[in-house]
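Bear in mind that the values in this text are calculations on the coordinates, not laboratory data. Worth saying up front: this structure is predicted, and the values here are computed from it rather than measured. With ideal geometry, Cβ positions are generated from the backbone for all residues, glycine too; neighbour counts draw on all protein chains shown.
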Amino acid sequence: MRKPFIAGNWKMNKDSAGSVELAAGLAKELKDVDSVDVAVCPPFVYLQAVSNAVSGSPVKVGAQNMYFEANGAFTGEISTDMLKDVGCTYVICGHSERRHVIGETDELVNKKVKAAIESGLLPILAVGELLEEREADKTNDVVKTQVTKGLEGVSADDILKVTIAYEPVWAIGTGKTATPDQAQDVHAMIRGLIAELYSQDVADKIRIQYGGSAKPANTAELMAQPDVDGLLVGGASLKVEDFSKMIKTVA
Ligand SMILES: O=C[C@H](O)COP(=O)(O)O
């Protein structure tokens, strides 16, 4: 039985006061939730304040990105130790906006996943196809490559520290959610791939989130799919009411 895991990716939104207000509101609303793992991923500069605001509640904190080196001359980058120092449990690696806007490669994403695990952070490996790739019937190939390369060198002992987030790029921030069947098809394919790369036991245990215009109105039908174990939520995670409603739908 996989415990559902719902994470909010705030992306480049909120200010200092707004971050604390949202985090404190969620901590209060979700204080009794223990059947769902919950995380929020604010911008780097608000991580400490958000960690303080959710302290003692079931809401954990994640970062939206990281760098794979431990320290040194890497201007503008943030290390895993820094993230742990400000209270992070999770880190998103390979979000499609980082792949397609910033230009991150599978190789870089893989270094981040391995460095996260090494440091004790729990990576959320995000994968997903572009609209033209789906239209060209390349969804499975693209996602398989991203998962396989993203997990290269991750041992069987460590793989269950990873959550995979399937986010079809055409569904992100567009209001165009993948249908539950479309999500289920790709999630089942990913689970089958994990069985091939690791074992059936690992595949049965690893959590696979769906992301892309997830909101209160479609949470139940997405989460009803047998291979959808959680959600990586963008826009709808920016309001206490919406995000907590999604979690309570599952709890
Ligand atoms: O990381 C979250 C996803 O990119 C989904 O964003 P969205 O819920 O705004 O479509």
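Structure summary
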read-out	value
Pairs of lysine residues in the range 1-111 - Cα separation under 17 Å, sequence separation of 8 or more or cross-chain	5
Cα Rg, Dmax (largest Cα-Cα span) when computed across the range 144-222, Å	13.3, 39
Relative packing of 20-29, 198-207, which averages over residues the other C-beta atoms within 10 Å, highest first	20-29, 198-207
Ordering of 73-85, 102-114, 158-170 by burial proxy (mean other Cβ atoms within 10 Å per residue, highest first)	158-170, 102-114, 73-85
Net charge dipole size for the range 39-185 [Lys, Arg +1 and Asp, Glu -1 on Cβ; Debye, nearest 20]	400
Extent along principal axes [Cα atoms of the range 117-251; Å; largest to smallest]	39, 37, 26
Size of the range 5-250 as Cα extents on the principal axes (Å, biggest first)	45, 44, 34
Peptides 229-237, 127-135 ordered by average Cβ neighbours within 10 Å, highest first	229-237, 127-135
Prolate/oblate/rounded label for the range 42-109 (Cα gyration tensor, a/c 1.5)	prolate
Cα centroid separation, the range 160-177 to the range 52-80 (Å)	21
